[in-house]
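The values are calculated or read from the model by the stated rules, or taken from the named source; none is laboratory data. This is a predicted model, so every value here is computed, not measured. Note that each Cβ is placed from the backbone with ideal geometry, even for glycine, and that neighbours are counted across all protein chains shown.
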Amino acid sequence: MALAEGAGDLRITLSLARGPPPRLLQAELRRVDGSGVLLAVGAGDRVTASALATDLNTQIKVVRGEMDANSFYSSAVAAGVTDSLISDFANAFTFDFDFQREIRPGDIFEAAFERHVNGAGEAVGAERLVYASLQTQAKSKALYRFLPTGEKVATWFDGNGSSIVRSLMRTPVEGARISSSFGPRMHPVLGYTRVHKGTDFATPVGAKVYASGDGVIDFVGVHGGHGNYISITHTKTLQTAYAHLSAYGPGIAVGAPVRQGQEIALSGNTGLSSGPHLHYEVIVGGAQVDPMAYETESGRRLQGMTLAAFQKERDRIDVLRAAQNG
Ligand SMILES: [Zn+2]
């Protein structure tokens, strides 16, 4: 019955009997989540109080769209995905898709957001992305957000309960803003075709660049035509490198450890570069390999009780999605 503690905003609804003079029949005091107290004035002006339970309902909003010719970001906005959730949505796919080469106009995506709605029909708290799917001509992925027991951060799993996390990300840059259109593989500055030793992602200057795997920074600075450049050592034989950067992240220095997905820099247009993009290399035993062809170690698969809990959550989301699809 204590209302003082963390009450936040209280809405007070008074019910009065017509006068004159008007007489108070009851007062309802509710927090935004519907919980609170009901004060009723009875015979002889005796006031009785009773607790009101929360009246929150979980709702799922499903949004479907098609990739346009611009970017994941503009496609998601057009489909009605809440602006603040678009990066979250795109990031779910950065392990499995190369956003520059594998996603084309016409590819289909779906996102499901969970939100809590109170008895008055108002949304309470932030929306949460719980499901994300992407279907290209070559492959499709449907992902569910899940927090395994005893862990602190919810991550994405496919329908079989396999984690999306790989030893390296396929798209180590803010995927939502990568341009879908791309040009021929002619070196744009030198003007002739030469062996291209990495992967280019067309991004506006200032897109977040992520460490594609856990490792230690082994180079930060200007590196010839690469402009501002960062290289990371992941294992004795595996490195990744990031070129044409516009800025380095805080604490990024030779010898600094980095975590997979950590923001290490902002993309740019420095060095021998004809337009803003991230040039990304995967280097095995000192030689660049095709990042697309490099086989990454796949993530763990949930087991036993945790798998059962995941399946329950997956089914809950699927039922809510189906209900919405009608
Ligand atoms: Zn390049």
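If the condition is being surrounded by 13 or more Cβ atoms within 10 Å (Cβ to Cβ), touching a residue at least 40 places away in the same chain (Cβ under 8 Å) and not hydrophobic (A, V, I, L, M, F, W, C), then the stretch 121-144 contributes Glu127, Tyr131, Lys141, Tyr144.
Let's see how each residue does on (1) surrounded by 19 or more Cβ atoms within 10 Å (Cβ to Cβ); (2) more than 12 Å from the ligand (Cβ to nearest atom):
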position: His196; (1), (2): no, no
position: Asp218; (1), (2): no, yes
position: His223; (1), (2): no, yes
position: Ala243; (1), (2): yes, no
position: Ala256; (1), (2): no, yes
position: Ile264; (1), (2): yes, yes
position: Ser274; (1), (2): no, no
position: Glu295; (1), (2): no, yes
position: Met305; (1), (2): no, yes
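Identification of strands (runs of 3 or more DSSP E) wholly contained in the stretch 248-326 with 1 or more residues that are more than 23 Å from the chain's Cα centre (by Cα) yields 278-284, 287-289.
Condition check: exposed (fewer than 15 other Cβ atoms within 10 Å of the Cβ), modelled with pLDDT of 90 or more and not polar (S, T, N, Q). Does Ala49 satisfy that?
Values: exposed (fewer than 15 other Cβ atoms within 10 Å of the Cβ): yes; modelled with pLDDT of 90 or more: yes; not polar (S, T, N, Q): yes.
Criteria met by Ala49.
Every test in (1) touching a Ser or Thr at 6+ places or on another chain (Cβ under 8 Å); (2) surrounded by 15 or more Cβ atoms within 10 Å (Cβ to Cβ); (3) in the same structural domain as Gly119 (by TED's automatic domain parsing) is passed by Ala69 save one, and that test is (2).
Which of the strands (runs of 3 or more DSSP E) found entirely inside the stretch 28-73 contain at least 1 residues meeting this: closer than 30 Å to Phe99 by Cβ? Walk me through it before giving the result.
On the way: elements: 36-41, 47-52, 57-66.
Filter on the stretch 28-73 gives 57-66.
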